[in-house]
Amino acid sequence: MNRLTLKSWLVRASLLALTTSIGACSVGVATVPVATPVVPVATPAATTTATPSPSAATIASPAPSVEPSSDEIAIKVYFVMVGNVEDSPTPLVAVHREIPRTAAVATAALEQLLSGPTFQERAHDLRLGTIGTLIPEATRLLGVTIDDGNASVDLSGDFASGAALGVDPASAWAWRLAQVTYTLTQFPTVHSVSFKVDGTPTMAIEGHEGTPIERATRNAYFDQLPAIFVDQPAWGAAITDSLTVSGIAQIFALEPQFEAAMLDPETDEIIVQQTVRPACGEGCWQPPGGGEFEIHFSMPAGADRDRLLLRLWEVAPDGSVIDVREYPLR
């Protein structure tokens, strides 16, 4: 892909070394080859609605598509998708979780993040990778407080473990910061995040050039997102009759657009499909860049919701299919 920068190649190299060398936080990689998609011619709002930081482009975290039971709330945790896609670094992915109802939802969300992906999330059979994390398994939450829109989170020293940072410590560090930042800023009371390690204030870095920043926001980690980032529905969320798909796209093209479809993963039959044009001008790739998108699918009667898959992809000028992303729903 022509939108990779030298930094992206360096990041990919460091992450490749990282995923083979880290013990506690390493993740598996799916081995089934990538298939070319068929391309036709033609949480309760009080706890899961995001408050993005002011910028030219911001990423919303809408409420989940299905309300959980009265004793539970739906949240998202942000892991990484590690797979066999050779032309992109490891991107963030929002994963659906339901937890017991609690007033300390930020603490509960961080505990879910630090517990790592479930066996089902790690072992899914998608062709483009598996859910993983770059946060060391031994990392513990020591505390989190929210004051005037900023969440101050204190993590154990394992979070900054140098032995697990691979060839390029800054790259892995940025991904860890991004995972925590996105998980906390899904809540309307959190606009930014500051970090402590074992009680000592620790400077964060933004994810593009590695510049030190006192407070991390979502917009600091555009480089940690895939070209087509879906924030709703989260990976593993439920399908409804009217399904909203939203997020942000970073596409280098004069007229940025991509395809989104619900399909049967066993037959590759497309059930519904739309061409999506993000809300941005010429091109969507100038950091902090990207264009927001939101589309609505109406599920046809008789569709087997237990087997549907959300797939998104770009069509390059030469007609090739690129930047394929797949999300299982339920």
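Values quoted throughout were computed directly from the atomic coordinates according to the rules given, and no laboratory measurement underlies them. Just so you know, these numbers come straight off a predicted model, no measurement behind them. Ideal geometry is used to build each Cβ from the backbone, glycine not excepted, and the neighbour counts take in all protein chains shown.
Could you sort 242-250, 142-150, 259-267 so that the peptide with the highest average Cβ count within 10 Å comes first and the rest follow in order?
Going from most to least packed, we get 242-250, 259-267, 142-150.
Report the gain in length on full extension from Phe252 to Ser298: 0.36 nm times residue separation, minus Cα-Cα distance, nm rounded to one decimal.
Full extension from Phe252 to Ser298 adds 13.6 nm.
Using amide H atoms built in the peptide plane, which far-off residues or other-chain residues are under 5 Å from Gly247 H to H?
Those qualifying (amide H under 5 Å, at least 5 residues apart or on another chain) are Asp231, Phe293.
Starting from the 7 Å offset along Cα-to-Cβ, what nm value, one decimal, do you get for the label separation of Thr275 and Thr200?
Result: 5.6 nm between the two label points.
Can you tell me which of 90-98, 208-216 comes out highest on packing, and rank the rest after it, using the mean Cβ neighbours within 10 Å?
90-98, 208-216
Could you give the nm distance between label points at Ser115 and Glu214, where each point is 7 Å from its Cα heading toward the beta carbon?
Once both label points are built, they end up 3.5 nm from each other.
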